[in-house]
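Below is one structure, written out as C-alpha cells; the observations come after it.
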Amino acid sequence: MLPSIPVWGNEISVEKSLEYTDPAAKKIIADVALNAARVKGATYTDVRIGRYLNQYVVTREDKVENIVNTESYGVGIRVIANGSWGFAATDKMDKDSIAKTAELAVAIAKENSRLLTEPVQLAAQQGFGEVSWKAPIEKNAFEVPVKEKADLLLAVNDAAMKNGADYISSILFMVNEQKYFASTDNSYIDQDIHRIWPTFYITRINKETGKFESRDALSSPMGMGYEYLDARPEHKIHTAGGILYKGRYDMLEDAKQGALQAGDKLKAKTVEPGKYDLVLDPSHLWLTIHESCGHPTELDRVLGYEANFAGTSFLTLDKWKSGKFNYGSKEVNITADKTEKGSLGAVGYDDEGVKCGKWDVIKDGVLVNYQAIRDQAHIVGLEQSQGCCYADNWSSVQFQRMANISLQPGKKELTVAEQIKNVEKGIYIIGSGSFSIDQQRYNFQFGGQLFYEIKNGKIVGMLKDVAYQSNTQEFWNSCSAVCDQRDYRLGGSFFDGKGQPMQTSAVSHGSATARFNGVNVINTGRKIG
Amino acid sequence: MPILTKEQARVLLAKVLNYSKADECEVNIDGSDGGNIRYARNAVNTSGAISTTSLVVTSAFGKKSGVATINEFDDASLEKVVRRSEELAKLAPENPEYMQLLGPQEHSASTLAFSAASASVGPKERADAVAQSLNVSKAKDLSAAGFLENNIVYSAMMNSRGLFAYHTSTNVAFSVTMRTPDGKGSGYATRGYNDFSKLNAGADTEIAAAKALSSVTARAIEPGKYTVILEPTAVAVLLENVFGDLDARSADEGRSFMSKPGGKTRLGEQLVDERVNIYSDPLNPDLPGTTWAPDGRPQKRVNWIEKGIVKNLSASRYWASKKGIPAIPPPNGMIMEGGTKSLAELIKGTEKGILVTRLWYIRSVDPQTLLLTGLTRDGTFYIENGEIKFPIKNFRFNESPIIMLNNLEELGKPERTISVESSGNYLLPPLKIRDFTFTSLSDAV
C-alpha cells in the first residue's frame with residue numbers, strides 16, 4: 001500500500017524551484033540573527049536558513065493522480081542562554097522579523113532554564129569560515145521535465161499491467177535541500193543536497209479465491225540525481241530471485257518482473273515454521289541493520305532522550321565501556337559514514353556545523369562507538385561531535401539523527417550463488433516488508449518481498465507467509481558469512497521518523513548478501529470470516 | 001496571521017473566489033497557533049511555538065484541475081495563487097475521476113471542540129504543567145520523559161457553487177513515560193482533550209509512576225495464547241487498523257480484509273462478536289469533531305459496525321457515483337460502545353490473564369487478514385484470581401483485530417484515548433479478549 005506522502009511546503013512552479021539563493025544574501029540574514037541573539041545574552045547561536053524543495057509525481061494504472069511541487073523557505077535560530085537551549089523559527093525574512101525571532105529563542109531558553117538540571121555542554125568546534133558543499137549528482141532531477149517523469153511512470157504501470165498486475169501505483173519522490181548554516185563559531189556553510197526515490201506497489205488478485213499478493217519495487221531511495229534511473233548492464237545483478245540493482249535502477253524492467261513475481265507469490269507454498277538459515281539480500285538487510293543497529297547506537301536513545309516515544313536502547317554505556325560487548329560474530333563490522341557517495345546521509349557538514357566523517361560502530365563483532373552530536377560528545381569522552389545533527393526543516397529544531405550505518409562486506413571472496421550453495425535448509429529473502437522492533441531494540445520481526453526456499457544448496461521454489469523473529473544480539477552472532485565487495489549495495493529509508501514533534505530523515509544502509517544461521521521463522525497465514 | 005473567526009474567514013474566502021476565472025473554484029484555509037514542550041531525564045530539552053496558515057485554491061476547467069497554495073494574504077498574493085491554480089489546471093491532463101464541486105450543504109453547527117480559555121494557553125502554562133509532572137518524578141526518584149503540545153486550529157472552505165463551511169477547535173495532547181533509575185521499571189500515560197483545564201499532568205504522571213514502580217522485577221512467562229485485558233491505549237493502536245480499512249474502493253477492488261472471492265465484499269455480514277458497536281459522531285461531547293469533510297461533505301453520525309455487522313463503508317464521491325453507493329466520507333474520530341465496568345472490575349472478574357497497558361510498533365503483516373504484529377510496553381502484568389499478581393516481561397504478538405473481536409469476553413467503560421502510533425483521538429473501552437496470540441518474549445523495559 002502507498003505510504004502517506006508528507007508535504008512540507010507551499011506549491012511553487014517548476015521554474016522557481018531551479019532558482020538558487022546567493023549565499024552572500026543568506027550571510028546578511030544570518031548575521032542579523034547572530035547579533036540579535038548575542039545582544040540578548042545568548043552564549044552560543046546557530047542559524048539555519050533553509051529552502052526545502054520537493055517534487056512528487058504520483059500515478060495509478062493509466063492515470064496521473066498528482067504532481068506536487070512544494071517549497072518551504074525560512075530560518076531556524078537556536079541559542080544557548082542561561083545554560084539552556086532555546087529555539088524559534090520564522091518564514092518572514094525581513095531583518096526585523098529575524099531579529100525578533102532570535103530574541104524569542106533567547107527568551108524561550110531563559111524560560112526553560114528554570115527547569116534546568118545541568119547546563120548544556122557543547123563540544124568545541126572549529127569555524128570553517130565561508131565554505132560550500134554540493135552533492136555530486138550528474139543530472140538534477142528538478143531540471144527534468146515533469147512530463148518526462150509522468151510518461152516514465154505511466155510506461156512502468158503499463159508494463160506491469162501487461163504482465164498481469166491488477167493494480168499498480170507508482171511514485172517519483174525528489175528532494176532538494178538548499179541549506180545555509182551560520183554559527184558563533186564563525187562558520188558560514190552553504191550546502192546543496194539532492195535525493196530521489198522511484199518506487200511502485202503492484203497488486204495481483206486471484207478472483208476465484210479472493211487471495212491477493214503485492215510486490216513492491218526493489219529500488220532504493222538514494223542521495224543522487226535523475227541519473228539513478230539510468231541503469232546499464234554493470235548495475236544489474238542476476239540472481240535466483242531475478243534481477244537486482246546496484247547503484248542505478250531500471251524501473252521499467254523491475255515493474256515487468258515485479259508483476260510476474262506477484263503472480264508467483266499467489267501460487268507459492270506456505271512456509272513450514274521452524275529454524276532456517278537465512279540468506280538476506282541487501283534490498284532486505286538494510287532495514288534489519290537500520291532497526292537493530294542504527295537505532296540502538298544512537299546516543300540520545302542510550303541516554304534516555306527518546307524514552308517517551310521511540311524508546312531507549314539495550315546498548316547501554318556500561319556495555320560500551322567494557323570494550324568487549326559481543327554485539328555480533330567476528331564477521332560483523334558496522335560503520336557509521338556521513339560521506340559515502342550516493343548515500344542519503346551524505347553531507348559535507350551536519351546541521352550544527354560539524355565536518356562529517358566515518359567511524360566504526362561495531363568492530364569484529366564488538367560495540368566500539370555510538371552516534372553523537374555536540375552536546376553529547378563529552379558523555380562518551382569525545383572531544384568533538386561525530387556530526388550526526390539534523391533537522392528536517394528550517395522550522396524544526398536539529399537533534400541527533402542516524403548516520404548511514406552499514407555492514408561492511410566480507411574480506412574473503414564470496415558470491416551470492418556460493419552463499420546459497422552452502423546452505424542446507426534455508427530461505428533467501430529479497431526486498432523489505434513488514435517490520436517491528438521493541439523500544440530497546442532487542443526483539444524484532446521482519447517480513448520481505450520475495451522468499452525462496454533453499455534445500456541442499458539449491459533454490460527449490462517460492463515461499464509465502466514468512467516472517468522471522470529474533471533477538472538482536474543472538475541474530476548478529478548467528479551471522480556466519482558476508483559476500484564480498486562486488487555485492488555491496490545501498491538500501492535506505494526516505495522517511496525515518498523520530499522525536500516529538502516527529503521529524504523525518506533519510507538514511508542509507510549498505511551491505512552485501514549475508515547469511516544468518518538457525519533463525520526462527522514463523523508462518524503468518526491466518527483465516528478470517 | 002491570526003486565527004480567523006467565521007465571518008473573517010467568509011470575507012477572505014469570498015475575496016479569493018472573486019479573482020477566479022475558472023469553470024469551478026474552491027478555496028480552503030487552515031490555520032493553527034500553538035506550541036510544545038519536550039522533556040527527558042527530568043529536565044526540559046526542547047520547546048517551541050508554531051503559528052501557520054495555509055490557503056489552498058483548486059481551479060478546474062472541465063475535468064482538468066490544478067491546485068496552488070500560499071501563506072501570504074495581501075491582495076496581490078491572493079490573486080497570484082488563483083492565477084497559478086488556473087495555469088496548473090490548464091496544463092494538467094484530464095482526470096476522469098474529477099467530480100463537480102458540491103453546492104451548499106447542511107452542516108451541523110458545533111462549538112463543542114472549542115474552549116475559549118484554552119485558546120490563550122502559552123509557554124508559561126505549558127512549563128507549569130511540565131513542572132507538575134517533574135515534581136512527581138523527583139519526589140519518587142524516577143526519571144521522567146514527556147511531551148506536551150496544545151493549539152487552536154481553524155479550517156474553512158468556500159466554493160463557486162455556494163458552499164461555505166467553518167470549524168474551529170482547541171486541542172491538547174500530553175504523554176509521559178516514567179522509568180526507574182535502574183531501568184527495570186517503566187510506565188506510561190497519555191491524555192487528549194479539547195479543554196486545557198482538564199489536563200492534570202501531575203495526576204497522569206502519578207499513573208505512569210505507579211506503573212513504573214510496579215513493573216520492576218518482571219518475570220518471564222511462556223509465549224502462547226492468553227486471555228488479555230487491553231487498556232484503551234492498547235485497543236486504539238489495534239482497532240485503528242480496522243477503522244482505516246473500512247473503505248469501499250479497496251474492498252470492491254479485492255485488496256482489503258473486507259474483500260471476498262468473486263469481487264464481493266463483507267458489507268452487511270457478521271464480521272465480529274455481536275456486542276461490537278463502532279460508530280463516529282462529530283457531535284459526541286467527549287470526542288467532538290469537524291462536522292464536514294475537506295471536500296465539504298457533511299460529517300454525521302455513521303454506524304460502521306452494528307451488533308458485529310459491517311453496516312457502512314466510506315467512499316469517495318467518484319467511487320460512490322460509479323458504484324451507486326452512498327458517498328460517506330471517512331470518519332474523523334471513532335467511538336466503540338462499551339459496558340459499565342471499570343478496568344479494576346474487569347481485572348477482578350478474571351481468573352487467569354494478562355493486563356496489557358500499552359502496545360508499541362504496530363505493523364501490518366498481512367492485509368488480507370489484517371494480521372498485525374507489535375509488542376507490549378511500559379507495564380505488563382499477570383492476573384490470577386481477580387488480582388494483579390506480578391509484572392511480566394514484554395511479549396511480541398501476532399494477532400488480527402478481526403479475530404480478536406471474535407474472541408471478545410467483555411467490554412469495559414469507554415474513555416478518550418490517543419493512539420501512540422497515529423496520534424488519533426478515540427473513545428474506546430478496555431477489552432477482555434480470550435486467546436490473544438503472543439509469539440515471543442522481549443527483554444525490553
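So how tilted is helix B:201-214 from the main axis of chain B? Cα-based, degrees 0 to 90, rounded to 10.
40
Which entries of A:K275/A:K324; A:K139/A:K341; A:K134/A:K341; A:K211/B:K311 have Cα-Cα distances beyond 21 Å here? Can you show the working numbers first?
Working: A:K275/A:K324 28 Å; A:K139/A:K341 15 Å; A:K134/A:K341 11 Å; A:K211/B:K311 23 Å.
The answer is A:K275/A:K324; A:K211/B:K311.
Which whole-angstrom value gives the distance between the alpha carbon centres of the range A:29-93 and the range B:52-119?
That distance is 25 Å.
Restricting attention to the range B:296-387, which trypsin sites (Lys or Arg not before Pro) occupy a DSSP loop and are surrounded by at most 13 other Cβ atoms within 10 Å?
Here the trypsin sites (Lys or Arg not before Pro) that fit, given the DSSP loop and packing criteria, are B:R301, B:K307.
Indicate the gyration tensor shape class of the protein assembly as shown (rounded, prolate or oblate), computed on the Cα atoms with a ≥ b ≥ c the square roots of the eigenvalues: a/c under 1.5 is rounded; otherwise a/b larger than b/c is prolate and the rest oblate. Walk me through the intermediate numbers first.
Values: a/c = 1.10, a/b = 1.06, b/c = 1.04.
Rounded shape, in that the Cα axes give a/c under 1.5.
Can you tell me, using C-alpha contacts under 8 Å and at least 6 residues apart, the relative contact order of the range B:53-92 as a whole percent? Show your work: numbers first, answer last.
Numbers: 63 pairs, mean separation 18.0, N = 40.
Relative contact order comes out at 45 percent.
Could you give the length gained on full extension between A:K92 and A:M502, defined as 0.36 nm per residue of separation minus the Cα-Cα distance, in nm?
145.2 nm
From the P(r) of chain A, could you give the percentage of C-alpha pairs in the tail past 46 Å?
Numbers: 19946 of 139656 pairs.
Counting pairs separated by more than 46 Å, the tail of P(r) holds 14 percent.
Among B:V121, B:S169, B:N200, which residue has its Cα furthest toward the positive end of the charge dipole of chain B, with +1 on Lys/Arg Cβ and -1 on Asp/Glu Cβ?
Of B:V121, B:S169, B:N200, it is B:N200.
Assign one of three labels to the range B:363-415, namely rounded, prolate or oblate, based on the Cα gyration tensor with a ≥ b ≥ c the square roots of its eigenvalues; rounded applies when a/c is under 1.5, prolate when it is not and a/b is larger than b/c, and oblate otherwise.
oblate
Of A:P409, A:F399, A:P501, which is farthest towards the positive pole of the range A:377-529's charge dipole, taken about the Cα centre with +1 and -1 on the beta-carbons of Lys, Arg and Asp, Glu respectively?
A:P409
Can you work out the Karplus-derived ³J(HN,Hα) for every residue in the range A:232-247? Use 6.51 cos²θ - 1.76 cosθ + 1.60 with θ = phi - 60°, whole Hz, and x for glycine or proline.
10, x, 5, 9, 10, 10, 8, 10, 5, x, x, 8, 10, 10, 10, x
Relative contact order of the range B:6-213, please, whole-number percent, based on alpha carbon pairs below 8 angstrom and at least 6 residues apart.
Values: 464 pairs, mean separation 47.2, N = 208.
23 percent.
Sort B:E87, A:E291, B:E106, A:E227 so the one with the fewest other Cβ atoms within 10 Å of its own Cβ comes first.
Working: B:E87 14, A:E291 22, B:E106 8, A:E227 17.
So the residues, fewest neighbours to most, are B:E106, B:E87, A:E227, A:E291.
Which FRET efficiency, nearest 0.05, do A:E272 and B:K348 yield, Cβ-Cβ r, R0 45 Å? All intermediate terms of the calculation are to be shown ahead of the outcome.
Details: r = 43 Å, r/R0 = 0.95.
Using R0 = 45 Å, I get an efficiency of 0.60.
Which aspartates and glutamates, on any chain, are close to B:K341 with Cα under 15 Å apart, when same-chain ones fewer than 8 places away are left out?
B:E231, B:E409, B:E410, B:E415
Rounded to whole Å, give me the distance from the Cα center of the range B:301-322 to that of the range B:199-223.
39
With a 10 Å Cβ neighbour count serving as the proxy for reagent exposure, in which order, fewest first, do A:H235, B:H107 appear?
Details: A:H235 17, B:H107 21.
Fewest-to-most Cβ neighbours within 10 Å comes out as A:H235, B:H107.
Could you give me D for the range B:246-332, from Stokes-Einstein at 25 °C and 0.890 mPa s, where the hydrodynamic radius is the Kirkwood radius over C-alpha pairs? Units µm² s⁻¹, please. Present the calculation step by step, with values, prior to reporting the outcome.
Details: Rh = 13.6 Å.
Value of D from the Cα-based Kirkwood radius: 180 µm²/s.
Nothing charged except the Cβ atoms of Lys and Arg (+1) and of Asp and Glu (-1): what's the magnitude of the dipole of the range B:6-213 about its Cα centre? Round to the nearest 20 debye.
Values: 22 positive and 23 negative charges, 121 e Å.
Magnitude of the dipole: close to 580 debye.
What FRET efficiency, computed as 1/(1 + (r/R0)^6) with R0 = 41 Å and r the Cβ-Cβ distance, is obtained for B:E106 and A:L252, rounded to the nearest 0.05?
Values: r = 50 Å, r/R0 = 1.21.
Efficiency, rounded to the nearest 0.05: 0.25.
Which shape class applies to chain B: rounded if a/c is under 1.5, otherwise prolate when a/b exceeds b/c and oblate if not, where a ≥ b ≥ c are the square roots of the Cα gyration tensor eigenvalues?
Details: a/c = 2.40, a/b = 1.42, b/c = 1.69.
Oblate.
Suppose every K and R has +1 on its Cβ and every D and E has -1 on its Cβ; what is the size of the dipole of chain B about the Cα centre, in Debye to the nearest 20? Show your work: numbers first, answer last.
Values: 51 positive and 51 negative charges, 76 e Å.
In total the dipole reaches around 360 debye.
List the residues, sorted by chain then number, that are 5 or more residues from A:I237 or on another chain and whose placed amide H is less than 5 Å from its amide H.
The answer is A:L244, A:Y245, A:K246.
Strictly over 32 Å apart at the Cα level, which of A:K149/B:K300; A:K321/A:K455; A:K95/B:K124; A:K330/B:K393; A:K363/A:K498; B:K300/B:K352 would you flag in this model? Before the final figure, lay out the partial values.
On the way: A:K149/B:K300 41 Å; A:K321/A:K455 43 Å; A:K95/B:K124 27 Å; A:K330/B:K393 30 Å; A:K363/A:K498 26 Å; B:K300/B:K352 41 Å.
With Cα atoms farther than 32 Å apart: A:K149/B:K300; A:K321/A:K455; B:K300/B:K352.
So the label point goes 7 Å from the Cα of B:K63 along Cα→C-beta, right? Which residues of the range B:285-328 then have their backbone N under 13 Å from it?
B:318-319, B:322
Roughly how big is the range B:246-332's charge dipole about its Cα centre, with Cβ charges of +1 (Lys, Arg) and -1 (Asp, Glu), in debye to the nearest 20?
Working: 14 positive and 10 negative charges, 70 e Å.
That gives the range B:246-332 a dipole magnitude of about 340 debye.
Would you mind checking the tilt of helix B:123-139 against the longest principal axis of the Cα atoms of chain B, expressed as 0 to 90 degrees and rounded to 10?
With rounding to tens, the tilt is 10 degrees.
Can you find, among A:A123, A:G164, A:I98, the residue farthest towards the positive end of the dipole of the range A:10-267? Put +1 on the C-beta of Lys and Arg, -1 on that of Asp and Glu.
So the residue we want is A:A123.
On a 0 to 90 degree scale, rounded to 10, what angle separates helix A:23-39 from the longest Cα axis of chain A?
The answer is roughly 60 degrees.
Counting other C-beta atoms within 10 Å, which of A:Y201, A:Y468 has the fewest, and how do the rest follow?
Numbers: A:Y201 20, A:Y468 23.
Result, fewest neighbours first: A:Y201, A:Y468.
May I ask you to derive the FRET efficiency for B:N135 and B:E337 from their Cβ-Cβ distance with R0 = 56 Å, giving the value to the nearest 0.05? All intermediate terms of the calculation are to be shown ahead of the outcome.
Values: r = 38 Å, r/R0 = 0.67.
The pair B:N135/B:E337 has a calculated efficiency of 0.90.
Can you pull out the trypsin sites (Lys or Arg not before Pro) in the range B:1-110 that DSSP calls coil and that have at most 13 other Cβ atoms within 10 Å?
For trypsin sites (Lys or Arg not before Pro) across the range B:1-110 that sit outside H, G, I, E and B with at most 13 neighbouring Cβ atoms in 10 Å, the list reads B:K21.
Quick note: the coordinates plus some simple rules give every number you see, no bench work behind them. In this text the structure is predicted, and so the values were computed from the model without any measurement. Counting neighbours? That spans all protein chains shown, and the Cβs are built from the backbone with ideal geometry, glycine included.
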